[in-house]
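Read through the structure below, which is laid out as structure tokens, and then see the notes.
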Amino acid sequence: MRTRSPSSRDCARALWILGLTPPVSERDLAAAFRARISKAHPDRHVGSTTLTDAATTMTLALTEARSVVSDWIASGRDWPDGSGRRVLRFDEPEPWPEREPEPEPAPVCRHTGLRRGDRVRVWPYDGDPEVVTGTERDARGGQAWVLLAGAGAARAERTQLAAYSCPVCGLCAGPVEAGVVVRPCPTCLIDLRRLEARPDEASRIRSGIEARATTGRLAAERLEDPSLTDRAERRRHWARRLRQASAEDLHAALLGAFGRAFERWSESRAGAE
Ligand SMILES: [Zn+2]
């Protein structure tokens with residue numbers, strides 16, 4: 001149970017879970033909550049303990065998120081920059097100097113799946129990874145840009161996430177020397193949104209996860225990292241087992257896996273790994 005007033009980090013995460021972009025009214029909140037809870041409610045998964053657990057986890061997360069956003073609306077505070085609306089200007093000084101002793105987890109950009117502190121390689125992807133300082137979108141709503149520490153910006157489609165391992169699909173990338181961050185890959189973040197909007201896509205999403213796990217295992221072997229190999233292999237088995245699941249069970253299992261991965265990652269501080 002929450003006893004303190006929500007931080008901007010809590011609010012940003014709650015908005016993300018509910019798929020909301022601020023500013024949000026009580027009416028928007030109620031509609032988003034209803035739409036999501038109807039897919040996650042444990043009563044829909046009676047008869048399968050594992051899936052009921054996953055659905056219960058999602059239901060709790062959604063209920064908590066609704067409460068946070070509701071408190072936020074009531075407080076009248078400014079909305080956090082947690083849903084990709086914040087636009088950084090190139091000439092704006094970075095608002096996050098090291099003097100902040102306990103930085104909050106950076107918000108995740110809805111368009112790129114990246115957040116500050118992520119490391120990316122820029123096309124042709126053979127150089128050293130660069131650290132992401134933020135993302136930006138053209139005013140006309142088209143091109144997404146990834147802002148890089150000390151080196152301007154790169155088009156989002158010309159960057160690849162580096163030094164990570166996805167706990168859902170097992171996809172990974174090096175370098176591993178300085179450690180990798182365990183985080184949902186950008187494709188899994190897109191898949192989570194797709195799944196929420198189109199539950200009938202679950203089967204296609206499962207196939208994609210299995211394919212990515214195979215790719216991830218090959219990548220991990222090239223990196224000679226047993227823990228990455230092991231994760232990709234386990235995710236591949238998980239995805240294969242779900243071939244037999246009913247549509248309803250598959251949907252709940254995927255939603256649970258995505259939800260847990262996102263929760264765990266959003267709790268971790270950017271650059272702390
Ligand atoms: Zn993934």
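The values are calculated or read from the model by the stated rules, or taken from the named source; none is laboratory data. Please read all numbers here as calculations on a predicted model, not as lab measurements. With ideal geometry, Cβ positions are generated from the backbone for all residues, glycine too; neighbour counts draw on all protein chains shown. Ligands, DNA and RNA are excluded from the accessible area calculation, which covers all protein heavy atoms including side chains. Shrake-Rupley method; radii C 1.70, N 1.55, O 1.52, S 1.80 Å.
Just to be sure before I move on: is E104 within 25 Å of C11 (Cβ to Cβ), open to solvent by 30 Å² or more (accessible area, probe 1.4 Å), at pLDDT 50 or above and assigned to a loop (DSSP other than H, G, I, E, B) in the structure I sent? Taking the combined requirement at face value, the residue satisfies it.
Can you say whether L254 is within 16 Å of R204 (Cβ to Cβ) and of a type in the set (A, V, I, L, M), as far as the supplied structure shows? The answer is yes for L254. Filtering the range 162-205 to residues that are within 10 Å of the ligand (Cβ to nearest atom) and either out of contact with any helix residue (DSSP H, G or I) (no Cβ under 9 Å at 6 or more places or on another chain) or not in a loop (DSSP other than H, G, I, E, B) (or both) leaves Y164, S165, C172, P186, T187, C188, L189, I190, D191, L192.
Which of the residues that make up the range 185-220 are within 18 Å of E233 (Cβ to Cβ) and β-branched (V, I, T)? I209, T214, T215 - these are the residues of the range 185-220 that are within 18 Å of E233 (Cβ to Cβ) and β-branched (V, I, T). In the range 238-260, which residue that is in a helix (DSSP H, G or I) and either touching a Cys at 6+ places or on another chain (Cβ under 7 Å) or among the polar types (S, T, N, Q) (or both) is nearest to T57 (Cα to Cα)? The qualifying residue nearest to T57 (Cα to Cα) is F258. Checked against the criterion of being among the β-branched types (V, I, T) and either open to solvent by less than 70 Å² (accessible area, probe 1.4 Å) or more than 11 Å from the ligand (Cβ to nearest atom) (or both), the range 222-236 has at least one qualifying residue. Taking every residue in the range 168-184 that is touching a residue at least 12 places away in the same chain (Cβ under 8 Å) and pairing it with any residue that is open to solvent by 20 Å² or more (accessible area, probe 1.4 Å) and within 11 Å of the ligand (Cβ to nearest atom), at least 6 positions away or on another chain, the pairs with Cβ-Cβ distances below 6 Å are C169/R212; C169/R235; G170/R231; G170/R235; L171/R212; V182/P167.
When the residues of the range 137-179 are filtered to those that are more than 23 Å from E210 (Cα to Cα) and touching a Lys or Arg at 6+ places or on another chain (Cβ under 8 Å), which remaining residue is least open to solvent (accessible area, probe 1.4 Å)? Going through the qualifying residues, I end up with V146. Which members of the range 113-127 meet the condition of being open to solvent by 20 Å² or more (accessible area, probe 1.4 Å) and touching a residue at least 12 places away in the same chain (Cβ under 8 Å)? R116, G117, R119, R121, V122, W123, Y125 - these are the residues of the range 113-127 that are open to solvent by 20 Å² or more (accessible area, probe 1.4 Å) and touching a residue at least 12 places away in the same chain (Cβ under 8 Å). Quick check on A247: is it without any contact (Cβ under 8 Å) to a residue 60 or more places away in the chain, over 17 Å from the mean Cα position of the chain (by Cα) and either surrounded by fewer than 18 Cβ atoms within 10 Å (Cβ to Cβ) or within 13 Å of the ligand (Cβ to nearest atom) (or both)? Yes; evaluated as a whole, the condition is true for this residue.
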